[in-house]
Amino acid sequence: MVDIPRMKKQNPKLKAQLLLGFLLFWIGCGAPRNINNFTGHTMGTTFSIRIIPAGSFNNYQKLELGIDSVLEAVNQQMSTWDPNSEISKFNRNRSTDPIPVSAQLFEVVESAMSLSEKTDGAFDITVFELMSLWGFGPAPNKGMPTDEEISKVLKRTGWDQIKLLDNSIKKLNPKIKIDLNAIAKGYGVDQVFHYISSLGYTDVFVEIGGEVRCSGKNQYNKSWSLGIEDPEHGASLDRDLAGVVVLEDRATATSGNYRNFLDFDGEILGHTINPKSGIPLKTDVLSVTVLAESCMMADAWATALMTMDFKTGKKLVRSEKGLDVIWIIKRPDASRKIISTKNIKVADSIY
């Protein structure tokens, strides 16, 4: 099991608030079937896996070891918190020659680059130093950055400053560093899901830090149902739900700023940074929940859509097949509203 510490320099209260994503609840009713639960820590957060066994379930320990192995491999490839990970070694490499990387890292970076192109750079994995400048990541800066510091970091930020070449990544700027935190967690969910499914299990629920992928039915023989946390109460222990959505063999991820933010002398700033301006964003979007075929893409799209206002994001996703989105937006009068794409319904809304 790999447990990577996050935000070590923050106080305990802030640590509780700096969880990426949202708490998602699984809900059902009726007479339960047997269920096997696996929980632990990975990628600086927690994971929860639920499997409905088919027949006798006598390989619990073997399955647990297999899940741990998959999670450890993802961490060793993509964790910026581990100085010995593949991505950390890549970031320290100042060569402008193509740098060979694993097929797994290449796949994730390739998917990220594709989304960067679709969103005109709104999604960008070259924000490692930009995030650190604003106090996020394994080596966070202290205090509010100056305009000069932001301008300096922006010169070595930009998805067009790296190029993919045959399982290698070429740095066009030797100082460029990548951060896969907005997509790697979803990729990890997919990898664990594929591993469990390859063993013949069909009723599966995999969650890492709020990012989810599931198939089949839950222990009540119902479709897996997820609660979307209410942003107003999400940072408190007494959480309310903004709504409930049913997952039918799909993946989902939620992004928002209230669970990952910094307090600069009373000025609250979220973790969603505009890669072009280098400044934390403030839009009418409070949270975005994305449903997709893979959790990797749900994870990345949720982050991308948090970097733009509702109208821009809604227009962008219209042409994306297999993608459904739920926005919680803030109206000019400070009231909030849930809006979703036409192929999905949100039940039990508190709005």
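Is it the case that some residue within region 298-313 is closer than 17 Å to residue 116 by Cβ, β-branched (Val, Ile, Thr), modelled with pLDDT of 90 or more and surrounded by fewer than 19 Cβ atoms within 10 Å (Cβ to Cβ)?
Looking through region 298-313, at least one residue is closer than 17 Å to residue 116 by Cβ, β-branched (Val, Ile, Thr), modelled with pLDDT of 90 or more and surrounded by fewer than 19 Cβ atoms within 10 Å (Cβ to Cβ).
Pairs, please: C-beta under 9 Å, at least 6 apart or cross-chain, first residue farther than 16 Å from residue 45 by Cβ and in region 175-191, second among the aromatic types (Phe, Trp, Tyr)?
Listed pairs, sorted by first residue: 176/128; 177/90; 177/128; 178/90; 178/128.
For residue 123, all conditions in the list (1) closer than 24 Å to residue 299 by Cα; (2) assigned to a loop (DSSP other than H, G, I, E, B); (3) without any contact (Cβ under 8 Å) to a residue 12 or more places away in the chain hold save one; what is the number of the exception?
Of (1) closer than 24 Å to residue 299 by Cα; (2) assigned to a loop (DSSP other than H, G, I, E, B); (3) without any contact (Cβ under 8 Å) to a residue 12 or more places away in the chain, only one is false for residue 123: (3).
So which of 132, 168, 102, 111 is within 17 Å of the chain's Cα centre (by Cα), of a type in the set (S, T, N, Q) and under 20 Å from residue 183 (Cα atoms)?
Details: 132 fails: within 17 Å of the chain's Cα centre (by Cα); 168 fails: within 17 Å of the chain's Cα centre (by Cα); 102 fails: within 17 Å of the chain's Cα centre (by Cα).
Being within 17 Å of the chain's Cα centre (by Cα), of a type in the set (S, T, N, Q) and under 20 Å from residue 183 (Cα atoms) holds for just one of 132, 168, 102, 111, which is 111.
So is residue 73 aliphatic (A, V, I, L, M), under 18 Å from the mean Cα position of the chain (by Cα), modelled with pLDDT of 95 or more and more than 23 Å from residue 304 (Cβ to Cβ) or not?
Numbers: aliphatic (A, V, I, L, M): yes; under 18 Å from the mean Cα position of the chain (by Cα): yes; modelled with pLDDT of 95 or more: yes; more than 23 Å from residue 304 (Cβ to Cβ): yes.
Judged against the criteria, residue 73 is a match.
Yes or no: residue 79 polar (S, T, N, Q), out of contact with any Pro (no Cβ under 8 Å at 6 or more places or on another chain) and crowded, with 22+ Cβ neighbours inside 10 Å?
For residue 79, the condition - polar (S, T, N, Q), out of contact with any Pro (no Cβ under 8 Å at 6 or more places or on another chain) and crowded, with 22+ Cβ neighbours inside 10 Å - is met.
How about region 91-112: which of its residues are crowded, with 19+ Cβ neighbours inside 10 Å and over 22 Å from residue 208 (Cα atoms)?
91, 101
May I ask you to list the residues in region 192-214 that are touching a residue at least 40 places away in the same chain (Cβ under 8 Å) and among the hydroxyl-bearing types (Ser, Thr, Tyr)?
195, 201, 202
Rundown of residues vs (1) at pLDDT below 85; (2) among the polar types (S, T, N, Q); (3) closer than 30 Å to residue 277 by Cα; (4) touching a Pro at 6+ places or on another chain (Cβ under 9 Å), yes/no style:
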residue: 159; (1), (2), (3), (4): no, no, yes, yes
residue: 172; (1), (2), (3), (4): no, no, yes, no
residue: 193; (1), (2), (3), (4): no, no, no, no
residue: 211; (1), (2), (3), (4): no, no, yes, no
residue: 214; (1), (2), (3), (4): no, no, no, no
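Can you name the residue in region 219-241 that is modelled with pLDDT of 80 or more and of a type in the set (Gly, Ala, Ser) and is also farthest from residue 183 (Cα to Cα) among such residues?
This residue is 223.
Check whether at least one residue in region 284-296 is surrounded by fewer than 17 Cβ atoms within 10 Å (Cβ to Cβ), over 22 Å from residue 207 (Cα atoms) and either touching a strand residue (DSSP E or B) at 6+ places or on another chain (Cβ under 7 Å) or modelled with pLDDT of 95 or more (or both), and report yes or no. Lay out the reasoning, then the answer.
Step one: filter region 284-296 for residues surrounded by fewer than 17 Cβ atoms within 10 Å (Cβ to Cβ), giving 284, 293.
Filter once more, so that each one left must be over 22 Å from residue 207 (Cα atoms): 284.
Those left that are additionally either touching a strand residue (DSSP E or B) at 6+ places or on another chain (Cβ under 7 Å) or modelled with pLDDT of 95 or more (or both): 284.
Yes.
I'd like the full set of residues that are assigned to a helix (DSSP H, G or I), of a type in the set (D, E, K, R) and touching a strand residue (DSSP E or B) at 6+ places or on another chain (Cβ under 6 Å), limited to region 179-209.
Correct list: 185 only.
Looking at region 149-160, which of its residues are surrounded by 17 or more Cβ atoms within 10 Å (Cβ to Cβ) and under 19 Å from residue 115 (Cα atoms)?
157, 158, 159
Matching residues to (1) touching a residue at least 24 places away in the same chain (Cβ under 8 Å); (2) not in a loop (DSSP other than H, G, I, E, B); (3) not β-branched (Val, Ile, Thr):
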{"residue": "287", "(1), (2), (3)": "yes, yes, yes"}
{"residue": "299", "(1), (2), (3)": "yes, yes, yes"}
{"residue": "308", "(1), (2), (3)": "yes, no, yes"}
{"residue": "311", "(1), (2), (3)": "no, yes, yes"}
{"residue": "321", "(1), (2), (3)": "no, no, yes"}
{"residue": "325", "(1), (2), (3)": "yes, yes, no"}
{"residue": "329", "(1), (2), (3)": "yes, yes, no"}
{"residue": "337", "(1), (2), (3)": "no, yes, yes"}
{"residue": "342", "(1), (2), (3)": "no, no, yes"}
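The values are calculated or read from the model by the stated rules, or taken from the named source; none is laboratory data. It should be emphasised that the depicted structure is a prediction, and the values quoted were computed from it without experimental measurement. Counting neighbours? That spans all protein chains shown, and the Cβs are built from the backbone with ideal geometry, glycine included.
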